[in-house]
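The values are calculated or read from the model by the stated rules, or taken from the named source; none is laboratory data. Computed from a prediction, not measured in an experiment: that's the story for all the values here. FYI the Cβ positions are ideal-geometry reconstructions off the backbone, even for glycines, and counts take in every protein chain you see. For accessibility, only protein heavy atoms count, side chains too; no ligands or nucleic acids. Shrake-Rupley method; radii C 1.70, N 1.55, O 1.52, S 1.80 Å.
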Amino acid sequence: MIEVKNIDKSFGEVQILHDINFTFQEGKTNIIIGQSGSGKSVLAKCIVGLHKPENGQILYNGRDLISMGKREKKEIRKEIGMLFQGGALFDSLTVEENVMFPLTMFTKMSKKEMRERVKFCLDRVNILDKNKLFPSEISGGMQKRVAIARAIVMKPKYLFCDEPNSGLDPRTSILIDDLIKDLTEEYKMTTVVITHDMNSVLEIGENIMFIYKGKNHWTGDKESILTTQNKEVTDFVYSSKFMRMYREKIMK
Amino acid sequence: MLIFVVNKIIINRIEYFYHIGRYAEMLGQMFSRPEKFSVYWNKLMEEIYQLGIKSFGIVVLMSAFMGMVIVIQTATAIDSPLIPAYTVGFTTKQSIILEFSPTIISLILAGKVGSNIASELGSMRVTEQIDALEIMGVNSRNFLITPKILGAVLIFPLLIVFSMLFGFLGGWFACVSTELVTVEKYKYGIVAFNNNDMMYLTYALSKTAVFAFIMTSISAYQGYYVKGGSLEVGKASTRAVVYSSVLILLFNYLITQLVLI
Ligand SMILES: Nc1ncnc2c1ncn2[C@@H]1O[C@H](COP(=O)(O)OP(=O)(O)O)[C@@H](O)[C@H]1O
Ligand SMILES: [Mg+2]
């Protein structure tokens, strides 16, 4: 469980996040949605500690990331896996080396144990026989899978995914979404998925926060998001023709 | 108008201090304790290979041709019966050891290595690879930058020694092929009058190490703090080469004034 309390974040004069409060639940895919530029990535980077907010608390099962010392922070980071918008695989390393990297850095496992763990994770995300290839030699969808494998290789308690299906076709997107949901339930992770894609929201959204101009504007789940009267939310949800057709259908 | 100019100067000053401060902070962070020594050792070896061994070809090629040209130019310039022919060997040695190898080759390396480092780190920054390292709990400055600086400081002096040797060889080739000077006299000019050689060599290799530090740290700074996309990465690598070269020239002057006078 991650509790976010009263987070403010500015860059220079510009305040990006305004007093954000939310609780991300364990074993669930928690979703942050909102338009591009609404502050989703900045919020995620504050929560994982890549940005330092001016105010507020970020409690990882009660431990406050902002006030803790360097050493404790390092320990928490080992419990966090993150999937970046573009995958962020190290392009000088092969698929296998990428997934193995956190293990070589932070564990005392033998080469053989590491190989086994890597193979297990790559199998889990359905990447087979790509071990020796470099990220530039595999497709975008596969890169995302490898990035997921790297994010879960240390058995994290918290998983962050920043637009996991940006740049993917609809079918691959759904496969990635389902993979994230399955892994979350399997490992009882507190998963946070950032997206602006309604398909993902309807597919995996259990606990949703709608962020609007840097504020937590609305919270709910995938049922209530379809029926809410909140204007900004409905504008967002029903911005596509497909969703408008869907609304007409359920209204009847 | 005047106020505008003054304002601009003040703002530039502030920015200037900001960069110096952040550069110093980057260097400070570089020497924190590594997470795992063996990983860093491998990384250091890889950088020595990438930055040093892979530059060997261009260094050798440049040095040999420069050696040839220096011999021909000196020989034709001092074509006088009053000056002994071995002067050509002596002059060639002096210019190669004191200036050509350590400074000119360092400038060439700044072009190659500087843009290489800035674009590598810059693209790691814009594709969030650096964030990915930080999330894992890796100190990214320490992990990415330290091995590059250390590797270059260790290997470049060795490259420069090779540059000197190949410079002399180039000169030798020019003697053989043009017969402006006999090989014996050229050799004599190089080997005799060697009282200062050790001192000059130390001076040359020390300044090479300083130049290696300048070009790698400046370029790393430019790349590491890139904001934006691939366009900015390109700009950063141009800045890396320009700033490194200018600073190398400046420090060359300062060090020379300090040591040789
Ligand atoms: N490092 C930064 N420095 C300054 N401004 C930033 C930085 N990162 C993001 N911003 C600004 O914060 C706002 C929100 O960005 P972001 O969180 O990336 O949006 P998104 O919701 O699309 O992920 C944008 O206006 C962006 O320009
Ligand atoms: Mg974003």
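Beta carbons closer than 6 Å, at least 6 apart along the sequence or on distinct chains, pair a first residue in segment A:5-23 that is β-branched (Val, Ile, Thr) with a second that is open to solvent by less than 70 Å² (accessible area, probe 1.4 Å) and more than 16 Å from ligand 2 (Cβ to nearest atom) for A:7/A:53; A:7/A:56; A:20/A:4; A:20/A:7; A:20/A:216; A:23/A:3. Considering only residues in segment B:179-218 that are of a type in the set (Ser, Thr, Tyr) and in contact with a Phe, Trp or Tyr (Cβ under 8 Å, 6 or more places away or on another chain), the one that is surrounded by the fewest Cβ atoms within 10 Å (Cβ to Cβ) turns out to be B:188. Screening A:190, A:184, A:195, A:172 for residues that are within 16 Å of ligand 2 (Cβ to nearest atom), more than 14 Å from every other protein chain (Cβ to nearest Cβ) and either acidic (Asp, Glu) or surrounded by 15 or more Cβ atoms within 10 Å (Cβ to Cβ) (or both) leaves exactly one candidate, A:195. Among the residues of segment A:114-127, some residue qualifies, meaning at least one is more than 18 Å from the chain's Cα centre (by Cα) and within 14 Å of chain B (Cβ to nearest Cβ).
Only one of the listed residues (B:177, B:101, B:123) is within 14 Å of chain A (Cβ to nearest Cβ) and of a type in the set (Ser, Thr, Tyr). That residue is B:123. Taken over segment A:26-47, residues that are within 16 Å of residue A:201 (Cα to Cα), under 13 Å from the mean Cα position of the chain (by Cα) and more than 9 Å from ligand 2 (Cβ to nearest atom) amount to 6. Is it the case, given these coordinates, that residue B:14 is among the β-branched types (Val, Ile, Thr), at negative phi, open to solvent by 50 Å² or more (accessible area, probe 1.4 Å) and within 14 Å of another protein chain (Cβ to nearest Cβ)? Yes.
Please give the helices (runs of 4 or more DSSP H) falling wholly within segment A:57-165 in which 2 or more residues are open to solvent by 60 Å² or more (accessible area, probe 1.4 Å) and within 16 Å of ligand 1 (Cβ to nearest atom). In segment A:57-165, no matching helices (runs of 4 or more DSSP H) lie anywhere. Tell me yes or no: at least one residue of segment B:143-151 is open to solvent by 10 Å² or more (accessible area, probe 1.4 Å) and at the interface with another protein chain (Cβ under 8 Å from one of its Cβ atoms). Looking for residues that are open to solvent by 10 Å² or more (accessible area, probe 1.4 Å) and at the interface with another protein chain (Cβ under 8 Å from one of its Cβ atoms), one finds none in segment B:143-151, hence no.
Only a single item in (1) closer than 25 Å to residue B:130 by Cα; (2) within 16 Å of ligand 2 (Cβ to nearest atom); (3) not in a loop (DSSP other than H, G, I, E, B) is not met by residue A:51, and it is number (3). If we scan segment A:13-21, do we find a residue that is at pLDDT 95 or above and open to solvent by less than 10 Å² (accessible area, probe 1.4 Å)? Yes, because at least one residue in segment A:13-21 is at pLDDT 95 or above and open to solvent by less than 10 Å² (accessible area, probe 1.4 Å).
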